[in-house]
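Here's the structure, in structure tokens; my notes come after.
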Amino acid sequence: MPKVSVIVPALNEEGYIDDLLRDLAAQTRPAAEVIVVDAGSSDGTVEAVENSPVGARLVHGSRPVANGRNLGAGQAQGDLLVFLDADVRLERDFLQRFVEEIERRGLDLACPHYTSGDSSRAARELFWAISALLRLFERVLPSGAGACIAVRREVFETSRGFDPEMKFEDVEFVRRLARGRRFGITDQAVRVSDRRFLQEGEARTALRYSLLTLLFALGRFRWANLMDYEFGRYGEGRAGR
């Protein structure tokens, strides 16, 4: 089995990243290393990483999130790089089953299914629909999200990494690297935070995600880049979740 490096970009994720680090510590097949790249948090994110039960390594980086992912990948020692958002939650056997399926299918690049928390019905239904579409079109229209992306080190190193000029660098990254390689949506799932739905409103967020999905399907990443979509301020809303 490959040596796994988990890379987590973070900015003001106190209260969320704590849960993820505990989930990583409890894995039935732990990662060889966990690297958290902090982009200048002003809350307790750094302290959470320094005191994490998984022994995460803290790296100081900068915005945007693409820089954090690229910096973490450059310092990782693993054969398989697993990028996670700081607010996802994992089942105890997630890494074990995720890596086993990647190896069994001989994938170069992979994403799991995405589910959401219980707070927003709109989020649950939308993520279910998105996951179904991703699986249905995985061969003809490979797509995934930064919530969880796995890529073999040698594949990442032959690319230019995540594009810091793109707001939706995660989707563009998957589409670009999947060309001519084996990409797949696996059977496992990560739970994605629904905080954006709660803070911006369900209808508005669902409409925005639906429009983005259409633009991504058409390959119009530059058009998507023009949309008002703010990053890095959602950790502050944990108390109200």
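The values are calculated or read from the model by the stated rules, or taken from the named source; none is laboratory data. None of these values were measured; they are calculated from a predicted model. Virtual Cβ from ideal backbone geometry, glycine too; neighbours counted across all protein chains shown.
For the reader, a short list of remarks on this structure follows.
- Matching option when the condition is of a type in the set (D, E) and either within 11 Å of the chain's Cα centre (by Cα) or within 25 Å of N12 (Cα to Cα) (or both), among D79, D85, D108, D93: D85
- Every test in (1) within 14 Å of the chain's Cα centre (by Cα); (2) over 24 Å from R152 (Cα atoms); (3) among the β-branched types (V, I, T) is passed by V36 save one, and that test is (2).
- Checking A86 against (1) touching a Pro at 6+ places or on another chain (Cβ under 9 Å); (2) free of Cβ contacts under 8 Å to residues at least 60 places away in the same chain; (3) buried (at least 23 other Cβ atoms within 10 Å of the Cβ), the condition it does not meet: (2)
- In the range 3-18, the residues that are touching a residue at least 24 places away in the same chain (Cβ under 8 Å) reach residues that are part of a strand (DSSP E or B) and among the acidic types (D, E) with C-beta atoms within less than 6 angstrom, at least six apart or across chains, in these pairs: S5/E33; A10/D38.
- Residues located in the range 33-75, provided they are in contact with a Ser or Thr (Cβ under 9 Å, 6 or more places away or on another chain), farther than 21 Å from V171 by Cβ and part of a loop (DSSP other than H, G, I, E, B): G40
Residues checked against (1) surrounded by 21 or more Cβ atoms within 10 Å (Cβ to Cβ); (2) under 14 Å from the mean Cα position of the chain (by Cα):
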| position | (1), (2) |
| --- | --- |
| E100 | no, no |
| T115 | no, yes |
| R124 | no, no |
| A129 | no, no |
| E138 | no, no |
| G146 | yes, yes |
| R153 | no, no |
| T158 | no, no |
| V171 | yes, yes |
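- Residues that are over 18 Å from Q75 (Cβ atoms), at pLDDT 95 or above and assigned to a loop (DSSP other than H, G, I, E, B) within the range 12-32 comprise N12, E13, E14, Y16, A26, Q27, T28, R29, P30, listed in sequence order.
- Matching residues, the range 76-97, being touching a Gly at 6+ places or on another chain (Cβ under 7 Å) and part of a loop (DSSP other than H, G, I, E, B): D85
- Among the residues of the range 13-37, the one identified as among the acidic types (D, E) and crowded, with 23+ Cβ neighbours inside 10 Å is E13.
Listed here are the residues, each with its yes/no results for (1) at positive phi; (2) touching a residue at least 60 places away in the same chain (Cβ under 8 Å); (3) assigned to a strand (DSSP E or B).
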residue	(1), (2), (3)
V99	no, yes, no
C111	no, yes, yes
A122	no, yes, no
A132	no, no, no
R135	no, no, no
E138	no, no, no
P142	no, no, no
G146	no, yes, no
V155	no, no, no
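- Lone qualifier among D118, D93 - being modelled with pLDDT of 95 or more and among the acidic types (D, E): D93
- Apart from one condition, N70 fits all of (1) in contact with a strand residue (DSSP E or B) (Cβ under 7 Å, 6 or more places away or on another chain); (2) buried (at least 17 other Cβ atoms within 10 Å of the Cβ); the exception is (1).
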